[in-house]
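Accompanying notes for the structure given below.
The values are calculated or read from the model by the stated rules, or taken from the named source; none is laboratory data. Computed from a prediction, not measured in an experiment: that's the story for all the values here. Reconstructed Cβ throughout: ideal geometry from the backbone, glycine too, with neighbour counts over all protein chains shown. What goes into the accessible areas is simple: the full protein's heavy atoms, side chains included, and nothing from ligands, DNA or RNA. Shrake-Rupley method; radii C 1.70, N 1.55, O 1.52, S 1.80 Å.
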Amino acid sequence: MDAEFVEQIKTSLAPLLKFLAYLEPIHEVLRQQVVGPLNGYTAIVLGIQLILQLRKLFVANGNDSESKDDGNKAAKATASHILVKTEAKIKELEAILMKEPERFVPLALKHSICPSAEYGGSLGSFPRGLMAKELEAYCFDPETKENVVSPVISTKFGYHLVILTKKPDV
């Protein structure tokens, strides 16, 4: 990864890193008793997992506006992507996927520079406002078809190929 990309990730994660400062006692226990020294990436992953678990508890206890049936639920899309830095590489992958779309996950695992590559490129489900605007525009476009490889999408992070696996409920 180049320095600019790493800096963009750090800037995007700044609010999470502030939250992780509150987790320092937990970090120390984990370091001593469970996993040994934690690097920044591992701490972020653990923090995200903790936040997701806390969110589940929060929603399960009816403490979230989304859990109330007020007809105002946020629409969520579910998608996977492959992110690479060069246009030449994305064009190469696009050519393969146009012929063999079933190779999306193996190609994401092998070529994507996004941490989601570890999960076959899965971005999970997300509401508007969390993804790069270009990806969001594609995923929330009513004309976008499910389970079809997108055209190349360029963002400040690089070049993407996306598969929308579940259209947002609107």
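What to note about this one:
- Remark: pairs (first residue in the stretch 152-167, closer than 10 Å to GLY121 by Cβ and of a type outside the set (Lys, Arg); second residue part of a strand (DSSP E or B) and open to solvent by 60 Å² or more (accessible area, probe 1.4 Å); Cβ separation under 9 Å; 6+ apart in sequence or on different chains) = HIS160/SER154.
- Within the stretch 109-121, the set of residues being within 10 Å of the chain's Cα centre (by Cα) and open to solvent by less than 50 Å² (accessible area, probe 1.4 Å) comprises CYS114, SER116, ALA117, GLY121.
- Residue, farthest from THR86 (Cα to Cα), within the stretch 142-166, restricted to residues that are open to solvent by less than 60 Å² (accessible area, probe 1.4 Å) and outside any strand (DSSP E or B): THR144
- Any hit, the stretch 122-132, residues being on the phi < 0 side of the Ramachandran plot, crowded, with 16+ Cβ neighbours inside 10 Å and either among the β-branched types (Val, Ile, Thr) or at pLDDT 95 or above (or both): no
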